[in-house]
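The next block holds one structure in the form of structure tokens; read it before the comments.
The values are calculated or read from the model by the stated rules, or taken from the named source; none is laboratory data. None of these values were measured; they are calculated from a predicted model. For neighbour counting, all protein chains shown are included, and Cβ atoms are generated from backbone atoms with ideal geometry for every residue, glycine included.
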Amino acid sequence: MRILDLGCGTGAASESFLRAISEVERAGLSGACVDPDPAMLEIARSKLSAFPGVALEFVPGSAERIPRDDASSDVVLVGSAFHWFQTTRAVEEITRVSAPGARALLFEYQFPKAIDRPELNEWIRREFNENWRAPNQVPRGSLKEISRPWRTHPAWRERPAPRVEMALPLSGFGFYGHLLSQSRYLHFEAGLSPENRLRYRENLLRRIMASYGTDLELRFDFYFQAFELERRP
């Protein structure tokens with residue numbers, strides 16, 4: 001089996017995939033993790049070294065110009081990365097490197113919402129839309145919407161994919177860290193002076209912890225969405 005993890009980041013999608021398959025399926029598995037960020041590729045390399053016998057390359061590259069041969073992949077993973085791709089070019093490149101009969105797993109999660117804290121969700125929604133929104137930024141649409149050119153491409157057919165619930169507990173610090181990783185927030189923060197950035201983060205954490213009250217953790221729904229595609233012969 002030859003896999004391609006496209007926009008692999010720190011290797012989380014490949015790690016989950018390798019843990020989900022059997023040792024027999026992992027034996028002799030090869031492929032590539034591709035990402036434009038060399039630092040993330042190094043983290044992925046370290047993380048996936050936990051799977052001896054799996055021969056993965058860690059290759060700088062993009063979805064628009066995939067550094068792989070034609071028909072060289074049997075499984076394509078795109079986890080929380082498709083919204084960064086230039087859709088038309090990326091779909092043609094993914095099609096080029098996918099062997100006939102190859103499977104593609106396309107998935108992402110949304111920003112999590114606290115299941116029992118609607119006031120926290122509303123505050124975060126308002127901050128995202130009013131204070132953290134970049135000038136001229138427009139909604140990118142859901143994964144279902146933005147992936148339509150791939151799912152309707154004549155070289156691919158969509159297969160039924162079960163709905164997967166993704167509700168996870170997060171501490172106040174865990175939710176705070178997740179928020180600080182969001183590109184929209186980081187764009188906003190980049191416009192602050194170091195002193196104001198620190199003050200803003202302190203106030204942000206204080207507001208989050210106030211929402212938690214005496215609870216050490218809250219459960220969050222990540223609204224996981226997934227699609228499975230098959231390359232036509």
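Please go through the stretch 147-166 and give me each residue that is within 29 Å of ARG133 (Cα to Cα) and at pLDDT 95 or above, ordered by number. Write out each step before concluding.
To start, the set of residues in the stretch 147-166 that are within 29 Å of ARG133 (Cα to Cα) comprises 147-150, 165-166.
Within the stretch 147-166, SER147, ARG148, PRO149, TRP150 qualify.
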Number of the exception - MET209 against (1) in contact (Cβ under 8 Å) with a residue 40 or more places away in the chain; (2) touching a Gly at 6+ places or on another chain (Cβ under 7 Å): (1)
Any chance GLU165 is of a type in the set (D, E, K, R), under 22 Å from the mean Cα position of the chain (by Cα) and under 30 Å from TYR212 (Cα atoms): yes
Test for ASP74: is it closer than 29 Å to VAL24 by Cβ and either among the acidic types (Asp, Glu) or free of Cβ contacts under 8 Å to residues at least 60 places away in the same chain (or both): yes
